[in-house]
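A short write-up of the structure that comes next.
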Amino acid sequence: MAAAVEPHRDCPLCPRLHGFIAEWRAREPGWHNAPVPSFLPLQGEDAVRLLVVGLAPGLRGANRTGRPFTGDYAGDLLYSTLKRFGFARGEFQARPDDGLELVETAITNAVRCVPPENKPVGAEIATCRQFLVPTIDRFPRLEAIVTLGAIAHQSTVRALGQRVAALPFRHGARHAVGGITLFPSYHCSRYNTNTGRLTEAMFVDVFSAVRETLG
């Protein structure tokens, strides 16, 4: 039997995350409050050449809206940059019905459920990798992966069957794994941009390199 690509809405594999979501379902019954599925282009998985891997859904972002990087600041920067380089089109209005479309691109998270304080623990990251592995494998034309932050990068490296020490996280680096090129980037969070760890120019440079690689 093929491995599941997306966790069940009531996935119980990480008790802490399962319990946290249950609390928020009671507090905000109109929110998504469940594992957030990958965001794919309308053309389907066979069209995907670029995969963006984030850390986990934001509490009032993707956990609320049900679409990765939708509803918080990180999505504003990510989707505007994707549009700039032709990886997305349409108007991003931070809601899942805004009509925004991805172009040859998919977006997912290393951990599919929102963690308390945006901090998944090691066991949760490792457990959710059982979904990241088949997610990567589902795209037969995949050529590039942008990993947002050290945790997403390390989990992606492990999902590809590689050693983290051999492919370290460093913003702006490039790592070749078979026919796939990894592009690590600092996460496009408000904290990183407010502190200057990541500037818009630094983020744009990463996707410029991806566009150059993919042609």
(request) Report, by chain and number, residues whose modeled amide H sits under 5 Å from the one on A88, excluding near sequence neighbours (fewer than 5 apart, same chain). (result) K83, V103
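Can you give the FRET efficiency for R129 and A201, using 1/(1 + (r/R0)^6), R0 = 45 Å, r = Cβ-Cβ distance, to the nearest 0.05?
0.90
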(request) Putting +1 on Lys and Arg Cβ atoms and -1 on Asp and Glu Cβ atoms, find which of L102, Q130, N118 reaches farthest to the positive end of the dipole of segment 88-135. (result) Q130
(message) Testing the spin-label approximation: label points 7 Å from Cα along Cα→Cβ at R16 and N194. State their distance in nm.
(response) 2.4
(message) Which one, L82, L42, P12, is farthest towards the positive end of the dipole of segment 1-104 when Lys and Arg carry +1 and Asp and Glu -1 on their Cβ?
(response) P12
(request) Determine the calculated [θ] at 222 nm for the chain from helices alone, applying -39500 (n - 2.57) to every DSSP H run no shorter than 4 residues and normalising by the residue count; nearest 500 deg cm²/dmol. (result) -10500 deg cm²/dmol
(message) Taking the solvent-accessible surface of protein heavy atoms with a 1.4 Å probe, what is the per residue accessible area of segment 33-83 in Å²?
(response) 28
(message) Can you give me the C-alpha center-to-center distance between segment 185-215 and segment 1-48, rounded to a whole angstrom?
(response) 26
(request) List the GluC sites (Glu not before Pro) within segment 1-106 that fall in a DSSP loop (any state other than H, G, I, E or B) and whose Cβ has at most 15 other Cβ atoms within 10 Å. (result) E91
(request) Taking H placed 1.01 Å from N in the peptide plane, check which residues at least 5 places from I145 or on another chain put their amide H under 5 Å from its amide H. (result) L51, T181, L182, F183
(request) Go from 0 up to the bin containing the longest alpha carbon distance in the chain, width 5 Å each, and give me the % of pairs per bin. (result) 1, 7, 16, 21, 22, 18, 10, 4, 1, 0
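Magnitude of the Cβ-charge dipole of segment 103-190, K/R +1 and D/E -1, about the Cα centre, nearest 20 debye? Walk me through the numbers before you get to the answer.
Numbers: 10 positive and 5 negative charges, 28 e Å.
Computed about the Cα centre, the dipole is about 140 debye.
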(request) Quick one: dipole size for segment 1-82, taken about the Cα centre, charges +1 on Lys/Arg Cβ and -1 on Asp/Glu Cβ, in debye to the nearest 20. (result) 200
(message) Under a Cβ-only charge scheme (Lys and Arg +1, Asp and Glu -1), can you give me the dipole magnitude of the chain about the Cα centre, in debye to the nearest 20?
(response) 440
(request) Would you mind checking which residues have amide H under 5 Å from N109's amide H? H placed 1.01 Å from N; only 5 or more apart, or other chain. (result) G54
(request) Measure off, as a whole percent, the carbon and sulfur share of the 1.4 Å-probe accessible area of the chain, all protein chains present. (result) 51
(message) So, R0 is 35 Å and r is the distance between the beta-carbons of R9 and Q43; what FRET efficiency does that work out to, to 0.05?
(response) 0.85
(request) Determine the relative contact order of segment 89-152: mean sequence separation of Cα pairs under 8 Å and six or more apart, normalised by residue count, in whole percent. (result) 25
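The values are calculated or read from the model by the stated rules, or taken from the named source; none is laboratory data. Everything numeric here is computed off the predicted structure, so don't read it as measured data. Here Cβ is always computed from backbone atoms with ideal geometry, including for glycine, and neighbour counts include all displayed protein chains. These accessible areas exclude ligands, DNA and RNA; they are computed on the full protein's heavy atoms, side chains included. Shrake-Rupley method; radii C 1.70, N 1.55, O 1.52, S 1.80 Å.
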